């Protein structure tokens, strides 16, 4: 065992833990507990003691609880008021609906404005929270609210409960859950009912595969096409299964399933693809060959409606690329050159997606996804300095 690390609360700051609760009409509960139609959001407000501010930096990740992330604490230490608001799906994304996550973010912001008195809201999209923030802001600026889910189920969120923010920061972020998931999907699985049988010529981890790093451009093109094809095969099966359920005498039933092989990105094994300072043969969860079939892979456990909302290449709506042109507020994009989760193209695609001129791009040389390593503190300080200049 390693020694425990005490994340604590920065000296001179206070951490206020509270819940944002609201009620919605739900046919069934897609989270454990919660009292049926009652939704509770676990929130942490970290702020300097005796230092008032009308500006609040708001973090939310669809599933991750990052209230003790070093970056969150450092921003508070430097004098900012920071809110990490967990969605209702903290720690479990098997039934997650992105439309409901957007609702959760809106409710957390409404509470911060109405109860706590913050008027200047800065959305902070770290990692998987990046596309959420971009999509949320696009929804908020459109002013139409939400009327249904990607699966076509009615789900109403009034525009008044999705207040627009004043600016957005994309921090070590990727372009969307469904896009990055498809880029990591193992296309060597061609029959979902027999995931142990794999096409050797598409299996990155099979020594018998004649395609080895550095990969040819033809192989990479074929591989990417096969990844999208597998995603679409799963989607077609999901829609067929869901249609049968809806035609039954219990139309709101769900069906849970497992997706194997979800960490097979050639970039993990071939550093010549999107060259950066990341370590070859590794990803943010460890050895990608082990993660590929391990218990914590993206989309490992799913439900039909959640698949369509989170992971379907063609149906999921929470997409930073599609949202970029619909955003009018200033945007900061910070990437890390040794990021072992969000590779360089994601940073660039995020920046390019924003079509107005009030945007800024900065890459922290040598920084990893979590600002770990010998120089992690220096890398985080650089990122925070860029954030300071953006917020002025």
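Annotations for the structure displayed:
- Ordering of 280-291, 320-331 by burial proxy (mean other Cβ atoms within 10 Å per residue, highest first): 320-331, 280-291
- C-alpha center-to-center spacing [the range 243-307, the range 327-359] in angstrom: 23 Å
- For peptides 100-113, 229-242, sequence by mean Cβ density within 10 Å, most packed first: 100-113, 229-242
- Choice from 175, 354, 31 showing the highest fluctuation, given a GNM over the chain with Cα pairs closer than 10 Å: 31
- Just checking the listed ones, 134, 60, 97: in the Gaussian network model of the chain with Cα springs under 10 Å, the one fluctuating most is 97.
- For the chain: rounded, prolate or oblate by the Cα gyration tensor [a/c cutoff 1.5]: oblate
- The chain: most fluctuating residue of 86, 50, 203 per GNM, C-alpha cutoff 10 Å: 50
- Prolate/oblate/rounded label for the range 114-179 (Cα gyration tensor, a/c 1.5): oblate
- Taking 379, 174 and counting other C-beta atoms within 10 Å, the order from fewest to most: 379, 174
- Based on DSSP H segments of at least four residues, each scored -39500 (n - 2.57), the chain has a per-residue ellipticity at 222 nm of -9000 deg cm²/dmol.
- Shape category assigned to the range 85-199 from the gyration tensor of Cα positions, a/c cut at 1.5: prolate
- Evaluated at q = 0.09, 0.20, 0.22 Å⁻¹, a Debye calculation over the C-alpha positions of the range 180-311 (equal weights, vacuum) places log10 I(q)/I(0) at -0.29, -1.16, -1.35.
- Ranking of 371, 136 by neighbouring Cβ atoms within 10 Å, starting from the fewest: 371, 136.
- Most to least packed among 266-276, 302-312 [average Cβ atoms within 10 Å]: 302-312, 266-276
- The residues 38, 49, when put in order of fewest to most other Cβ atoms within 10 Å, stand as 49, 38.
- The mean sequence distance of close C-alpha pairs (under 8 Å, at least 6 residues apart), as a share of the length of the chain, puts its relative contact order at 15 percent.
- Secondary structure note: in the chain, about 50% of the DSSP beta bridges are antiparallel.
Since every read-out is calculated from the coordinates, none of them should be taken as a lab result. Since the structure is predicted, the reported quantities are computational estimates derived from the model, not experimental observations. Every residue, glycine as well, gets a Cβ built from its backbone with ideal geometry; the counts of neighbours run over all protein chains shown.
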